[in-house]
Amino acid sequence: MNEFRPGLEGIVAVETEIAEPDSEGGVLRYRGVDIEELVGQYPYENVWGLLVDDDLGSVMPDPEPYEPAPLTGNAPADLQAETARLAGEWKLGKLNEISDEQAREDLGRLSSQMMGIVARSARLADGAADPIPDDVVAGGRTAAEKFLLRWRGEADPRHVKAIDTYWICTAEHGLNASTFSARITASTGADCGAALSSAVGALSGPLHGGAPAYVKPMLEEVAAMGDPETWVRDRLDAGKRIMGFGHRVYRAEDPRSRILKRTARELGSPQIEIAERLEEVALAELERRHPERPLKTNVEYYSALVLDVAQIPPPLAPAMFACSRVAGWSAHILEQKRTGRLFRPAARYVGPASRSLESVGA
Ligand code: COA
């Protein structure tokens, strides 16, 4: 096959047993289990076990003591750099030279540490210089509680519920850009730290992991203007996108958006009313302008409200997304290791024909 598809849309690049986004039915299943059945029943760390080990009784390990290199307070950058650095500090083996069991252990150690790196970076961005002692963090019962303790020294139960729900909903979603990056790096036989840090880089862009950062200011702008219809029309007329709408895979409602909307309402999000009003207007206008392509509410829209309940500053949204995706990335890195096949797609050359040095300024 040598047909070119921009963005690889619709191209099947891997076979996976990890997650099944049922695009027509509006359901997302992790290893066959509907995520609706997981939220509120199991904490994130067990969902990590389901995705990585196919076992809800298996949990992501607790983070081990470690001293990070000086951080910057820019969480995605800190996370990408520290994850790669840990591979050196811990002398992690190359994926093509270690056993599956060793790779699983490396991924567990890295996953829990990555959450701690984001919490430390967020604490620094808040202007707090003193790290929280490990014994305070160890008092947390769940990964979400430990995360908040590491960040703020306290864990409000509403914030814990918001983060746990968000992490479970966004833990895994098939071959999105960051997961593909992780698999590509893993396919070269690189170590788990290199594979996970590649994924963090891919996630940091606004078209993938960054949209919630834009949703809150967008809702504030719409609320201040008080006229969602005009706001939507003006924005689309200017050729701009409405953040939190549209998806490459889902043509029906995104099930994660449904759960997060319910959670935002349950937790008393102050922006729920304006969000629902804007959603209604945006969906109608997007359908009018794109009858050929369903553009529905995506996961990022109500994620922004749930993260706001937990007082997560919008710029931290991509790093929060990275915390949840450590489960999906780890599962895919292991799955990729088992296939043992290097990715090497082809590029069709469409540049100039053979030409002289003089023609390029020699
Ligand atoms: N607002 C307005 N128009 C949108 C739109 C949005 N959120 N999403 C897609 N469109 C329009 C595009 O402008 C394009 O119109 P055109 O054909 O007239 O140029 C058409 O729909 C198809 O867009 P395309 O970029 O090819 O769709 P895609 O399926 O590849 O894009 C996203 C998926 C997520 C990248 C895209 O919907 C988007 O940018 N959404 C906003 C960012 C966002 O919420 N990201 C989080 C994703 S979980």
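Couple of notes before you dig in:
- Anisotropy class of region 283-352 from Cα gyration tensor, a/c 1.5 cut: oblate
- Over region 253-306, volume per residue of the alpha carbon convex hull, in Å³: 60
- I11-R233 pseudo-label distance in nm [points 7 Å out on the Cα-to-Cβ vector]: 4.1
- Taking region 4-35 and a reference point 7 angstrom along Cα→Cβ of R262, the backbone N atoms nearer than 13 Å belong to 27-28, 34-35.
- Longest segment of the chain lacking chymotrypsin sites (Phe, Trp or Tyr not before Pro) that sit in a DSSP loop with at most 11 other Cβ atoms within 10 Å: 5-348
- Modelled label reach - Y66, point 7 Å along Cα→Cβ, region 87-123 residues with backbone N closer than 14 Å: 87-93, 105-121
- FRET efficiency for E89 and D126, using Cβ-Cβ distance with R0 set to 41 Å, rounded to 0.05: 0.95
- All Cα pairs of region 83-184, percent lying beyond 19 Å: 55
- Cα pair distances in the chain, grouped into 20 Å bins until the bin that holds the longest one, percent each: 29, 56, 15, 1
- The helix-based estimate of mean residue ellipticity at 222 nm for the chain, built from -39,500 (n - 2.57) per DSSP H run of four or more residues and divided by its residue count, is -17000 deg cm²/dmol to the nearest 500.
- Loop-located GluC sites (Glu not before Pro) in region 9-76 (DSSP state not H, G, I, E or B) with no more than 11 neighbouring Cβ atoms inside 10 Å: E9, E15, E17, E24.
- Cα gyration tensor category, rounded, prolate or oblate, for region 212-309 with a/c compared to 1.5: oblate
- When +1 charges are put on Lys and Arg Cβ atoms and -1 charges on Asp and Glu Cβ atoms, the dipole computed for the chain relative to its Cα centre reaches about 960 debye.
- Cα principal axis extents for region 1-47, largest first, Å: 46, 22, 16
- Principal axis extents of the C-alpha atoms in region 1-117 (largest first, rounded to whole Å): 46, 43, 34.
- Three-way shape label, region 76-129, alpha-carbon gyration tensor, a/c 1.5: prolate
- In region 47-126, the GluC sites (Glu not before Pro) that fall in loop regions by DSSP, at most 16 other Cβ within 10 Å: E97
- Computed lengthening from N2 to A347, 0.36 nm per intervening residue step minus Cα-Cα distance: 123.3 nm
- Euclidean distance of C-alpha centroids, region 33-69 and region 71-145, integer Å: 15
Values in this text are rule-based calculations from the coordinates and carry no lab data. Just so we're clear, the structure is a prediction, and the values are computed from it rather than from any experiment. No Cβ is skipped: glycine too gets one built from the backbone with ideal geometry, and neighbour counts run over all protein chains shown.
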